[in-house]
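What follows is a short report on a single structure.
The values are calculated or read from the model by the stated rules, or taken from the named source; none is laboratory data. Fair warning: this is a prediction, and the values are worked out from it, not measured in the lab. Note that we place each Cβ from the backbone using ideal geometry, even for glycine, and neighbour counts take in every protein chain shown. Calculation scope for accessible area: heavy atoms of the full protein, side chains included, ligands and nucleic acids excluded. Shrake-Rupley method; radii C 1.70, N 1.55, O 1.52, S 1.80 Å.
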Amino acid sequence: MNGPHDLGGQHGMGPIAPERNEPIFHAEWEKRALGITLSCGAFGAWTLDESRHARESLAPATYLSASYYEIWTRALETLLKRHGFVTQAELDAGHMLDKGREPKRVLTADMVAGVLAKGGPCDRPVEAPPRIAAGDSVRTKNFNPESHTRLPRYARARTGMVEAVQGSFVFPDDNAHGKGENPQWLYMVVFDAGEIWGEGADPTLTVSIDAWESYLEHA
Amino acid sequence: MSEHHHGHGDDHGHHHDNHLTDMEARVKALETVLTEKGLIDPAAIDAIVDAYETKVGPRNGARVVAKAWSDPGFADWLKRDATAAIASLGFTGRQGEHMRAVFNTSETHNLIVCTLCSCYPWAVLGLPPVWYKAPPYRSRAVIDPRGVLAEFGLELSAEKKVRVWDSTAELRYLVVPERPEGTDGFGEDALAELVTRDSMIGTGLALSPEDVR
């Protein structure tokens, strides 16, 4: 979707303002937001792709003025309601009103180290061989789906070169919407800045993305 | 509270006094509801926070870089199969499942960004800093990396090539900065001290020995 999250190349967002000796957390609620988000992810009720889509579906004004932990928290509320674990009435009340749905698993303290160390690998086998090889010239798709995609707007309808086949991975455009993992080959595609930004682009700059096979055609 | 940066410069005007209070209340309500339902274990949340406060952070990545500087065989492995090479040092897991290491050279400087969200190599760098997840960095890194680097105090020569890696999939990138001059004979521990978090994102260089003396 052409949401507020697709920020590459936008102007007017202001200075980076890196903070010297930045603490890991700026407030206690950020710690809880991190832990709650990861704990609820462990339910197995939604995918990381669906989470990302819930975040980018926040209203643009909300998204752009929120810290990232706030974005996580708001999106998590959406996911919990969508999947029947909590209701808005419960969030408003700050207490359980009905038991709600049971998850496949509840993350307990003794499971945390193992779950973090294992992570959630997204590589999956694909039977067909890669259609594109390193060194091939490719053109990215021009499309504007309202649904989830990981092809940023700045890299649509651009010609670049495949530098590497990265393996085969879950296809987020489908997986975010419960349509299955439908893995595809993934390619590292590099673009000259002039191809992306045109006039005035930095001649020393190249930008690469990781692009699923269905985003690409031979150029 | 208003001096805290939550992802934006101070000129956006939304750091009103009760902002944190709103989020404190919101998160507290969420945690209470979920705990009452038995859906979360508050002790698990403590364990997650502890892991990222004390175990998983940029010192992990610094070990990887120091080893790559010291051991050409490891550097070669890191180039070919970063996930396995990094796992051999014990760094695996969440947001480090599929790693790629990109090496700075005298010709090319590498910079990592996630324009679409906040993808970051947690297993080697820990949780991302606020600026990495915020609109200014995410919008500008791909179009004006030199301007971004200047804000970090890093001025690259005009001839240096800049390569920006946008983390659009599940691969997580780690920059291996150039080994600083004057470090001949340094062991891995001494080298690791020169490797900053920003040098592994690409918004900085490794420190020189004089910087840490």
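Filtering the range B:187-213 to residues that are buried (at least 19 other Cβ atoms within 10 Å of the Cβ) and modelled with pLDDT under 95 leaves nothing. Quick one: in the range B:141-181, of everything that is open to solvent by 10 Å² or more (accessible area, probe 1.4 Å), within 7 Å of chain A (Cβ to nearest Cβ) and touching a Gly at 6+ places or on another chain (Cβ under 8 Å), which residue is farthest from A:Gly12 (Cα to Cα)? Per the criteria, the residue is B:Phe152. Residues of the range A:12-24 include at least one that is at the interface with chain B (Cβ under 7 Å from one of its Cβ atoms), over 24 Å from B:Thr21 (Cα atoms) and of a type in the set (Gly, Ala, Ser). Number of residues in the range B:30-72 that are assigned to a helix (DSSP H, G or I), among the hydrophobic types (A, V, I, L, M, F, W, C) and free of Cβ contacts under 8 Å to residues at least 12 places away in the same chain: the value is 9. Checking the conditions here, which among A:Gly135, A:Gly167 is over 16 Å from the mean Cα position of the chain (by Cα) and surrounded by 15 or more Cβ atoms within 10 Å (Cβ to Cβ)? Within the list A:Gly135, A:Gly167, the selection yields A:Gly167. From the list A:Glu50, A:Glu70, A:Glu56, the one residue that fits, being more than 9 Å from chain B (Cβ to nearest Cβ), touching a helix residue (DSSP H, G or I) at 6+ places or on another chain (Cβ under 8 Å) and open to solvent by less than 30 Å² (accessible area, probe 1.4 Å), is A:Glu50. Cβ separations smaller than 7 Å between residues 6+ apart or across chains give the following pairs from the range B:78-106 residues that are more than 16 Å from B:Arg63 (Cα to Cα) and touching a residue at least 12 places away in the same chain (Cβ under 8 Å) to residues that are of a type in the set (D, E, K, R) and part of a strand (DSSP E or B): B:Gln95/B:Arg172; B:His98/A:Asp123; B:His98/B:Arg172.
The set of residues in the range B:71-88 being open to solvent by 50 Å² or more (accessible area, probe 1.4 Å) and in contact with a helix residue (DSSP H, G or I) (Cβ under 6 Å, 6 or more places away or on another chain) consists of B:Trp77 alone.
Just one residue in the set A:Leu79, A:Leu91 is closer than 18 Å to B:Lys37 by Cα, without any contact (Cβ under 8 Å) to a residue 40 or more places away in the chain, within 7 Å of chain B (Cβ to nearest Cβ) and assigned to a helix (DSSP H, G or I); that residue is A:Leu91.
Screening A:Thr37 with (1) assigned to a helix (DSSP H, G or I); (2) within 8 Å of chain B (Cβ to nearest Cβ); (3) within 14 Å of B:Leu39 (Cβ to Cβ) gives one miss only, at (2). Within the range B:114-138, the set of residues being of a type in the set (S, T, N, Q) and surrounded by 24 or more Cβ atoms within 10 Å (Cβ to Cβ) comprises B:Thr115 only. Quickly run through the range A:181-212 and pick out the residues that are of a type outside the set (A, V, I, L, M, F, W, C) and open to solvent by less than 30 Å² (accessible area, probe 1.4 Å). Within the range A:181-212, A:Tyr187, A:Thr204, A:Ser208, A:Asp210 meet the criteria.
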